[in-house]
Amino acid sequence: MAVPHGPAGVGQARHRMREQLRSHGVSDAVVDDAVLILSELLSNACRHGRPLGRHNEVGDGDVRAAWRVDRTGGLTVEVTDGGGPTRPVPATPSVTARGGRGLNIISALAEEWGVRDDSSGEVTVWVLVNEGHVPPDGRPGPRGIGRAPGATRPVGGGSDVTGAAGLDGLDFADAFDDAG
């Protein structure tokens, strides 16, 4: 789907993704992860990338959001923008930083993710989410990072982030969807 280059379309894209994935029987846990990943990718595309086409300003033009479930149940989420001055790489923000954690969040939720460059200058960040994925170290918790077919280079890295004790079973997903 085309999403306005700016914050206006993020809620609309989240709502549409949640509806479509639920209607196709994707588990709530995977849907919740995918919706958060989509939000982070769209926010990054609007903050760091240019709109697609000949547009240059935030709010002028679109970025592209896509998701698909493959035959094995793997969910791929992609966001494509017109490229930018920097490459998507996880940051190491200070404790008081107001941003810079998005790709680290994606790294913790994704089985793998990466960046694909197009000859036209478009940049696509893709993320693979699988229910029940076990990281290479065999420990439950965050998912590892690898390389998917079609990626020009793998990006990201594992994390030792674990869930907060006592929060299992809480569903915050709907709190992040816009009304309507």
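When each of Val79, Val31 is tested for being open to solvent by less than 30 Å² (accessible area, probe 1.4 Å) and under 11 Å from the mean Cα position of the chain (by Cα), the lone residue that passes is Val79.
Restricting attention to segment 65-75, the residues that are open to solvent by less than 30 Å² (accessible area, probe 1.4 Å) and free of Cβ contacts under 8 Å to residues at least 60 places away in the same chain total 2. Considering segment 82-114, the residues that are polar (S, T, N, Q) and in contact (Cβ under 8 Å) with a residue 40 or more places away in the chain include one that is most open to solvent (accessible area, probe 1.4 Å), namely Asn104. Within segment 1-28, the set of residues being buried (at least 19 other Cβ atoms within 10 Å of the Cβ) and touching a strand residue (DSSP E or B) at 6+ places or on another chain (Cβ under 8 Å) comprises Val3, Pro4, His5, Gly9, Val10, Ala13, Met17, Leu21, Val26.
For segment 19-45: of the residues being among the polar types (S, T, N, Q) and touching a residue at least 60 places away in the same chain (Cβ under 8 Å), which is farthest from Trp126 (Cα to Cα)? This residue is Ser27.
The values are calculated or read from the model by the stated rules, or taken from the named source; none is laboratory data. Every value quoted in this text rests on a predicted model; they were computed, and no experiment measured them. Neighbour counts are summed over all protein chains in view; Cβ atoms, including those assigned to glycine, are modelled from backbone coordinates with ideal geometry. What goes into the accessible areas is simple: the full protein's heavy atoms, side chains included, and nothing from ligands, DNA or RNA. Shrake-Rupley method; radii C 1.70, N 1.55, O 1.52, S 1.80 Å.
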